[in-house]
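What follows is calculated from the coordinates using simple rules that are stated; it is not laboratory data. Remember, predicted model here, so these are calculated numbers, not experimental data. Because the Cβ atoms are built from the backbone with ideal geometry, glycine has one as well, and the counts that use them run over all protein chains shown.
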Amino acid sequence: MPETVLDKFLRYVKIDTQSKEDSDTYPSTEKQFDLLNLLVKELKELGLLDVEIDKYGYVTATLPANIATRAPVIGFIAHVDTSPEVSGANVKPQVIKNYQGGDIVLPGDPGVVIRESENPALKNAIGRTIVTSDGTTLLGADDKAGIAIIMTALETLVNNPHILHGEIKVAFTPDEEIGAGTKFFDIKKFGAQFAYTVDGDAPGELNKETFSANLCTITVHGRDIHPGTAKGIMVNSIRVISEIISRLPKDVAPETTENYQPYIHPYVLEGSVGKSTAKILFRDFKTEGLEDLKKIVEQITNEVQALYPKAKIEVQVTEQYRNMREGLEQDPRVIDYLFEATKRAGLEPVWRPIRGGTDGSKLTAAGLPTPNIFTGGANFHSKTEWVNVWGMEKAVETIINLAQIWVERSK
């Protein structure tokens, strides 16, 4: 009897695949190969063609068409790595059957609670099965739910040859969580004309818009000296960078914004008296808005530089990814068919802007239109991460529907 999507998911989340920022290797962590190599094995066992893993860790494979006519080649993509922000080692998934509402106290750390008031999607999970971590790690639904969904959809298509589909490509990628998921991805070799990442949230929520994103790195060089003789000489870079952080606008922060509102988010701070560094995320759905966020930070650093003239403050801004909306709208079939496929799965599809990015952002910019499909997950990058198994099942149905719709509309 074939594994269910839940069976696959529970196996995958137990494999530690956490990525690492500032690594000089690709993938950034060797342990990502543990899952990547397993997926190679399972794809071969399913009978897919052209199964391979390249030196960068990209796993690709082909499900041949079972139709005589031609249809566009479509692809499905998910990433294997989990966020560096929370441990993904020794994940102990908790399966809660027939969830009846209310807060969920996680057994590994009773202080970690999935609160109903903070998780409106839990209302859609009443009477259904959900999976959480034990509260000591993240769960890894981002994006092992996506992997389980794709693998289950492939298995369903292989075992049901009466379901008509064109050629389907699949890819599993490393290092998405550190913004490098497509760094060495060969779109031409992949061979899809349209693709879909399976890396979204609540059941029925679809994504054709992402943030445009830049990374701002602020480095403050101070002057270190023994504190006993420091008067008039020491320049404490920790104080300087703290002054900069404290002046960032509170109403342009992740915790005070929603929907289409932009934000400035300091998320890494490292330092000593002599040198301190802060990494700050700039996020806006309008690419031109990133320049406004940069100007805010530059004004603050100029003001603080005037207060500490002996310090040296450096500001560097690098591009991360761009909103994929414009690229997707050039050929609306890729989003129109996704909307229809979701409806056929019995859901009411809703387009939600992603307050983040996906591999699809960069793939779309590079010429491969790639919107995002829901997984049923929530609270990614945290110990309160959870997934609605019914949502995963509906995502499997959506992928199968998509495969059929591309054939139907190509006749």
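Only a single item in (1) of a type outside the set (Asp, Glu); (2) under 18 Å from residue 51 (Cα atoms); (3) surrounded by fewer than 24 Cβ atoms within 10 Å (Cβ to Cβ) is not met by residue 163, and it is number (2). Counting only residues that are assigned to a helix (DSSP H, G or I) and within 26 Å of residue 302 (Cβ to Cβ), the range 204-250 holds 12 of them. Screening the range 280-301 for residues that are of a type in the set (A, V, I, L, M, F, W, C) and in a helix (DSSP H, G or I) and picking the one that is farthest from residue 221 (Cα to Cα) gives 290.
Tell me which residues, restricted to the range 110-143, are of a type in the set (A, V, I, L, M, F, W, C), surrounded by fewer than 17 Cβ atoms within 10 Å (Cβ to Cβ) and not in a loop (DSSP other than H, G, I, E, B). Write out each step before concluding.
First, pick out the residues of the range 110-143 that are of a type in the set (A, V, I, L, M, F, W, C): 112-114, 121-122, 125-126, 130-131, 138-139, 141.
From what's left, surrounded by fewer than 17 Cβ atoms within 10 Å (Cβ to Cβ): 113, 126.
Passing the criteria: only 113.
Among the residues making up the range 10-31, those that are of a type in the set (Ser, Thr, Tyr) and over 19 Å from residue 131 (Cα atoms) are 19, 23, 25, 26, 28, 29.
Does residue 59 qualify as being touching a Phe, Trp or Tyr at 6+ places or on another chain (Cβ under 8 Å) and either surrounded by 19 or more Cβ atoms within 10 Å (Cβ to Cβ) or within 28 Å of residue 188 (Cα to Cα) (or both)? The answer is yes for residue 59. For the range 259-275, state whether one or more residues are in a strand (DSSP E or B), charged (D, E, K, R), in contact (Cβ under 8 Å) with a residue 40 or more places away in the chain and touching a strand residue (DSSP E or B) at 6+ places or on another chain (Cβ under 6 Å). Looking for residues that are in a strand (DSSP E or B), charged (D, E, K, R), in contact (Cβ under 8 Å) with a residue 40 or more places away in the chain and touching a strand residue (DSSP E or B) at 6+ places or on another chain (Cβ under 6 Å), one finds at least one in the range 259-275, hence yes. Consider the range 21-41 and keep the residues that are in contact with a helix residue (DSSP H, G or I) (Cβ under 8 Å, 6 or more places away or on another chain) and surrounded by 18 or more Cβ atoms within 10 Å (Cβ to Cβ). The one that is farthest from residue 84 (Cα to Cα) is 39. For residue 384, indicate whether it is under 21 Å from the mean Cα position of the chain (by Cα) and either surrounded by fewer than 23 Cβ atoms within 10 Å (Cβ to Cβ) or of a type in the set (Phe, Trp, Tyr) (or both). Taking the combined requirement at face value, the residue satisfies it.
Of the listed requirements (1) surrounded by fewer than 23 Cβ atoms within 10 Å (Cβ to Cβ); (2) among the polar types (S, T, N, Q); (3) within 30 Å of residue 298 (Cβ to Cβ), residue 156 misses just one: (3).
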